[in-house]
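Below is one structure, written out as structure tokens, with a few remarks after it.
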Amino acid sequence: MTLIGKLKTYFNLDRPYEFDITDITAIIYTICAVGVIGGMNMTILFFIGSAIATAFCWQARKLNLVLLNASMFAMNGYYLITMLMG
């Protein structure tokens, strides 16, 4: 099997696409990364992404995922409040 074939199998790209809520989060975070690299303030969009990720990470039932998303939500909430307060 070629390297590309192995990657397709590893990432389940050899099956029909199944929508997952984390797809939205991944798109939001990608937009945020491009925006930040471009010098834009992406605090609000980052906060929305972390809120979605935190709300739906409980389905995975993994403590490390919950802690990661909760900490990102808290950090982005702090930056959002700081940005709005001036």
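Using the Karplus relation 6.51 cos²θ - 1.76 cosθ + 1.60 with θ = phi - 60°, the per-residue 3J(HN,Hα) values for the stretch 36-51 come to 5, 4, x, x, 8, 8, 10, 4, 5, 5, 5, 5, 4, x, 6, 5 Hz, with x marking Gly and Pro. Note that the stretch 60-68 has calculated 3J(HN,Hα) couplings of 6, 6, 10, 4, 5, 5, 5, 4, 4 Hz, one per residue in order, obtained from phi through the Karplus relation 6.51 cos²θ - 1.76 cosθ + 1.60 (θ = phi - 60°); glycine and proline are x. Phi angles of the stretch 70-86 translate, via the Karplus equation with coefficients 6.51, -1.76, 1.60 and θ = phi - 60°, into HN-Hα couplings of 5, 5, 5, 5, 5, 5, 5, x, 4, 5, 5, 5, 4, 5, 6, 7, x Hz per residue; Gly and Pro are given as x. Each listed q (0.10, 0.12, 0.14, 0.20 Å⁻¹) maps to a log10 I(q)/I(0) for the chain, found by the Debye formula over equal Cα scatterers with no solvent: -0.35, -0.49, -0.63, -0.97. Kirkwood Rh over alpha-carbon pairs of the stretch 42-86, then Stokes-Einstein at 10 °C and 1.306 mPa s: what D in µm² s⁻¹, rounded to an integer? The diffusion coefficient I find is 149 µm²/s.
Simple rule: put +1 on each Lys or Arg Cβ and -1 on each Asp or Glu Cβ in the chain, find the dipole, and look at ILE24, MET40, ASN12; the Cα lying farthest toward the positive end is ASN12.
Read-outs: derived from the displayed coordinates by stated rules, not from any lab. Not measured: the values here are computed from a predicted model. As a convention, Cβ positions derive from the backbone with ideal geometry for all residues, glycine included, and neighbour counts pool all protein chains shown.
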